[in-house]
1. Where in the chain lies the longest segment free of GluC sites (Glu not before Pro) that are both loop residues by DSSP (not H, G, I, E, B) and have at most 11 other Cβ atoms within 10 Å?
2. Sequence-distant or interchain residues sharing an amide H contact under 5 Å with residue 170, placed H: which?
3. For the chain, what is the mean residue ellipticity at 222 nm derived from helices alone (per DSSP H run of n ≥ 4: -39500 (n - 2.57); sum divided by total residues; nearest 500 deg cm²/dmol)?
4. Obtain the radius of gyration and the Kirkwood radius of region 5-48 from its C-alpha atoms and give Rg over Rh.
5. Using θ = phi - 60° and the Karplus curve 6.51 cos²θ - 1.76 cosθ + 1.60, what whole-Hz ³J(HN,Hα) does each residue of region 183-188 get, with Gly and Pro shown as x?
6. Which lysines have a Cα lying under 21 Å from the Cα of residue 61, excluding residues fewer than 8 positions away in the same chain?
7. Given contacts defined as C-alpha pairs under 8 Å and at least six residues apart, what's the relative contact order of region 82-189, whole-number percent?
8. From zero outward in steps of 5 Å, how is the percent of C-alpha pairs of the chain spread across the bins?
Amino acid sequence: MITDAQRREFDEIGLLRLPQAVAAAEAQLMRDRVWDAMAAKGIRRDDPSTWTQVSGSFFRKTAAAGAFNPMATPAVRQALDGLFGDTPWEEPPHWGGPMVTFPNTPQWEIPRGGWHLDGPARHSAASLSRIVVFVFLDRVSPGGGGTVVAAGSHKVVRDLLVENPSSSEWGSGRMRQELEKNEPWFKEL
């Protein structure tokens, strides 16, 4: 289970870190499966000149084969149970959908494009309807890639949905428009 402090952290910023929730050996196995799949496209671990971006859909077959099921550890499952509380959560048909971000700039900056919601913004302010689990399969240095999350943005989205009753399921595009129109920080992005 999660602690009260972890629950407060999740409620406040929309994120919860679970260090070592997945064993290093399991992460290594999953990382090797990612590199094996990319090798089929000519992307070699030992040759950065071959590192081209690949979309998450590129790994669909690898994920469907169960390559990332080791991320569903008891610690991850217990955290999900604790966060959803009395609301039962549905086991995904397969775990994981890798997102590979290779270094592509000499100096990291806040991404100005491509930001989105991971699914429609459902008008259910009273209950949690979705949690996205990220497992880092390798070290990620500050500014080294990975997923950027606007901490606390879940509350801004929730408030916008409450203020707009006709918003029952806005997609990323519509939500981005509304955030840019109503929230100075998002407009600046």
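We did not get these values from a lab; they are worked out from the coordinates using the rules stated. Everything numeric in this text was worked out from a predicted model, so none of it was measured. A quick note on method: Cβ atoms are made from the backbone with ideal geometry, for glycine too, and the neighbour counts reach across all protein chains shown.
1. That gives 1-89 as the longest site-free run.
2. Close amide H contacts, sequence-distant or interchain: 121.
3. Computed ellipticity for the chain at 222 nm equals -10500 deg cm²/dmol.
4. Computed over Cα atoms, the ratio is 1.25.
5. Karplus-based 3J(HN,Hα) across region 183-188 equals 10, x, 4, 6, 4, 5 Hz.
6. Cα-Cα hits under 21 Å: 41.
7. RCO, region 82-189: 36 percent.
8. In order of increasing distance, the bins hold 1, 6, 13, 16, 18, 18, 14, 9, 4, 1, 0 percent.
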